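The values are calculated or read from the model by the stated rules, or taken from the named source; none is laboratory data. None of these values were measured; they are calculated from a predicted model. Note that each Cβ is placed from the backbone with ideal geometry, even for glycine, and that neighbours are counted across all protein chains shown. SASA here: full protein model, heavy atoms, side chains in, ligands and nucleic acids out. Shrake-Rupley method; radii C 1.70, N 1.55, O 1.52, S 1.80 Å.
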Amino acid sequence: RLLLENAHQLVLVCGRGERYLRREGAASIALLRGASLVVGLDGCIKAVGQADVIRNQFSEATFERIIDCSGKCVLPGLVDAHTHPVWAGDRVHEFAMKLAGASYMEIHQAGGGIHFTVEHTRKATEEELFGTFKHRLERMLRAGSTLVECKSGYGLNLETELKMLRVIERARQSMDIGISSTYCGAHSVPKGKTATEATDDIINNHLPKLKELKLSGEIQVNNIDVFCEKGVFDLESTRRILQAGKDIGLQINFHGDELHPMKSAELGAELGAQAISHLEEVSDEGITAMARAKCAAVLLPTTAYMLRLKQPQARKMLEEGVIVALGSDFNPNAYCFSMPMVMHLACVNMKMSMNEALAAATINAAYALGKSDTHGSLEVGKQGDLVVINSSRWEHLIYQFGGHEALINYVIVKGKVVYQNERCETMSSY
């Protein structure tokens, strides 16, 4: 189907079937020079290697498309491990409040934050939500993301949560971008309910309905999420919801230890969570437990940056052997579509190396979604999701802060070019 030939650098990320990279592995990202790659009609990678070897091996083959990557770099498609992209009503007015010094919880308690978005999302039609969601996914795709985790969570009642999940399902079936769907009904305690009442409602009403819709094939949901936080869902409510989700076959992938130390990491490790997000306030014991349990830490540099929180302890996690992944946390409170910008912030503010940041935005983010056997690196048999950049060194993707619009030349999903940037043909990127 597709031949990419003569790439100046072909960044495999990992070349030996690793499901994730810990610190030692991320220190040496696998790289080929003067290399080519072939994607078959089934959308999977058939061959990766030196250009002359591939040329001989496929001398008889015909390709739908051949792209000359001389002077360019080919990388795996980026994976965004944490987003909230389905909602109505922006919160631009709250950005001004935050700049004036209001905290996240102050805005939340004044009826803003999640509750503001919930009100607007409940009123929006499925069609309206799908229109804005599609537009956001297209922007993520142009910034190099080929697999995105997408949460519900601005409904807080069964009807609106299902509306959001149907919108996510519709995009999953109709768009090129890969989607991992997350039910996040426990994103906040709905007005008029206590946390215990909300927990009971989720366990007794929401999850049985989800199980039914999953079994009938109407909606495919992959993960269950809870906002485990002081004043939201406490540890015991979180445990009950996550366990109930796990019992119907959902992966545990939740918000923990963001604003207060809650022992979320210890809980996640105990329950066999695939991933925990945020972790700005994680304990030392929590870090050790996550490393032991191979539970991924999804760090969100945009959130710490925009809310002026303390940065997650990426270095300590990496040194302790935690599998570190990255997400944009795209939502009305952190309006960022770009994983290249997230990687840049991770390097500057969280002191990650560029190799570690790339691993965190590819193979490890795929692992956080339970998809690292098919996504996150350029290996034979994996899905042909690729990004081609108009530069002779891959590091430009991180180095150029906000520069991805003139740098990303092609975005390819399953061997199909889904975005081609004409500007790259006529200009050098630096």
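Rounded to the nearest 10 degrees, the angle from helix 235-247 to the longest Cα principal axis of the chain is 50 degrees. For the range 187-235 versus the range 127-147, the spacing of their alpha-carbon centroids is 25 Å.
Write down the Kirkwood hydrodynamic radius of the chain, to one decimal in angstroms, obtained as one divided by the mean of 1/r over all alpha carbon pairs.
21.7 Å
Annotation: S353 carries an accessible surface of approximately 50 Å², with a 1.4 Å probe and no ligand, DNA or RNA atoms counted. Classify the range 325-408 as rounded, prolate or oblate, taking a ≥ b ≥ c as the square roots of the eigenvalues of its Cα gyration tensor: rounded when a/c is under 1.5, otherwise prolate if a/b is larger than b/c and oblate if not. Cα axes put the range 325-408 in the oblate bin. Largest to smallest in accessible area, the residues E395, E270 fall in the order E270, E395 (1.4 Å probe, all protein chains included). Along the chain, the longest continuous region that contains none of the trypsin sites (Lys or Arg not before Pro) in a DSSP loop with at most 10 other C-beta atoms within 10 Å is 17-190. For the range 287-430, just say rounded, prolate or oblate: build the C-alpha gyration tensor, square-root its eigenvalues into a ≥ b ≥ c, call rounded for a/c under 1.5, and beyond that prolate if a/b exceeds b/c, oblate if not. Taking the square roots of the gyration eigenvalues as a ≥ b ≥ c, the range 287-430 is oblate. Here the scattering of the range 50-191 is modelled by Debye summation over its C-alpha atoms, one equal scatterer each and no solvent; at q = 0.13, 0.14 Å⁻¹ the log10 of I(q)/I(0) is -0.68, -0.75.
With only Cα atoms counted, the range 1-61 has Rg and Dmax values of 12.9, 42 Å. Under the shape rule built on the C-alpha gyration tensor, where the axes satisfy a ≥ b ≥ c, the range 1-119 is prolate, since a/c reaches at least 1.5 and a/b is greater than b/c. Protein-only accessible surface at a 1.4 angstrom probe places the residues Y154, Y104, Y399 in the order Y399, Y104, Y154, largest first. In the chain, a dipole from Cβ-located charges (positive for Lys and Arg, negative for Asp and Glu) runs towards its positive end, and of T194, A244, S152 it is S152 whose Cα lies farthest in that direction. Rolling a 1.4 angstrom probe over the chain with all protein chains present gives an accessible area of which 49% lies on carbon and sulfur atoms.
So for the chain, taking the charge dipole from beta-carbon charges (+1 Lys/Arg, -1 Asp/Glu), which of H404, Y305, L99 sits furthest toward the positive end? Of H404, Y305, L99, it is H404. Computed on protein heavy atoms with a 1.4 Å probe, the accessible areas place S174, S188 in the order S174, S188, largest first. Taking G402, G231, G43 as the candidate residues, the one with maximal mean-square fluctuation in a Gaussian network model of the chain, Cα springs under 10 Å, is G231.
I'd like to know which of A265, L318, N390 lies farthest towards the positive end of the charge dipole of the range 258-414, counting +1 on Cβ of Lys and Arg and -1 on Cβ of Asp and Glu. The residue sitting most towards the positive pole is N390. Relative to the longest principal axis of the C-alpha atoms of the chain, give the angle of the C-alpha long axis of helix 158-174, reported between 0 and 90° and rounded to the nearest 10°. Here the helix axis deviates by roughly 10 degrees. Heavy atoms of the protein chains alone define the surface here; on that basis the chain has 38 Å² accessible area per residue at 1.4 Å probe size. Once all protein chains are placed together, S70 keeps about 60 Å² accessible to a 1.4 angstrom probe.
Can you flag which of K214/K382; K151/K211; K163/K214; K294/K414; K151/K371; K263/K371 are past 19 Å Cα-Cα? K214/K382; K294/K414; K263/K371, as the Cα separations exceed 19 Å there. Percent of Cα pairs in the range 138-293 per distance bin of 5 Å, from zero to the largest separation: 2, 10, 19, 21, 19, 15, 10, 4, 0.
Once all protein chains are placed together, T374 keeps about 60 Å² accessible to a 1.4 angstrom probe.
Relative contact order, percent, of the range 79-369 when contacts are C-alpha pairs under 8 Å separated by at least 6 residues?
Once normalised by length, the contact order is 18 percent.
Give the percent of DSSP beta bridges with both residues in the range 79-369 that are antiparallel, rounded to the nearest 5. Expressed as a percentage, antiparallel bridges in the range 79-369 total about 5. Dipole magnitude for the range 79-369: computed about the Cα centre from +1 point charges on Lys and Arg Cβ and -1 point charges on Asp and Glu Cβ, it is near 420 debye.
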